[in-house]
1. How many residues does region 6-34 contain that are touching a residue at least 40 places away in the same chain (Cβ under 8 Å), of a type in the set (S, T, N, Q) and farther than 22 Å from Leu63 by Cα?
2. Restricting attention to region 53-84, and to residues there that are of a type in the set (Val, Ile, Thr) and surrounded by 12 or more Cβ atoms within 10 Å (Cβ to Cβ), which single residue is farthest from the chain's Cα centre (by Cα)?
3. Can you run down the residue pairs with Cβ atoms below 7 Å, 6 or more apart or on separate chains, where the first is in region 85-96 and in contact (Cβ under 8 Å) with a residue 12 or more places away in the chain and surrounded by 10 or more Cβ atoms within 10 Å (Cβ to Cβ) and the partner is in a helix (DSSP H, G or I) and aliphatic (A, V, I, L, M)?
4. Tally up the residues in region 32-64 that are under 30 Å from Glu18 (Cβ atoms) and touching a helix residue (DSSP H, G or I) at 6+ places or on another chain (Cβ under 7 Å), please.
5. Keeping to region 6-48, report how many residues are at pLDDT below 85 and closer than 19 Å to Lys86 by Cα.
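The values are calculated or read from the model by the stated rules, or taken from the named source; none is laboratory data. If you're wondering where the values come from, they're calculated on a predicted model, not measured in any experiment. Positions of Cβ are backbone-derived with ideal geometry, glycine not excepted, and every protein chain shown enters the neighbour counts.
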Amino acid sequence: MAEKIESNKSGIDTIVNELQEQKDDIATYMTKLDKELENINEAWKGSDAVLYTSKMKDDYKVLLTEFNTSFQSYIDYLSGVFEEYKKVDEKMASEKIEV
């Protein structure tokens, strides 16, 4: 287990961008899942079809939605860290350092 986590401004910015892309991929997947479930309901009739699609919507899609929400919270947190780094950089850039 790591004793500390080290980061820098550009590293956090890169990670935020990569995570946002992953979140967008999850959202795209969820849209595709909705379409597939609609297609299943059109092609497959009966109580088994209803049971299957309901189970997918009630369990799998709910979990994906909750995961996506948590993922966004993490992205928001890291974005805040990035903004704080920028503030520190701006503050330090205007400071005079005597050697």
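1. Summing the residues that are touching a residue at least 40 places away in the same chain (Cβ under 8 Å), of a type in the set (S, T, N, Q) and farther than 22 Å from Leu63 by Cα in region 6-34 gives 2.
2. Among those that are of a type in the set (Val, Ile, Thr) and surrounded by 12 or more Cβ atoms within 10 Å (Cβ to Cβ), it is Thr53.
3. Tyr85/Ile12
4. Looking only at that region, the number is 6.
5. Here the count works out to 6.
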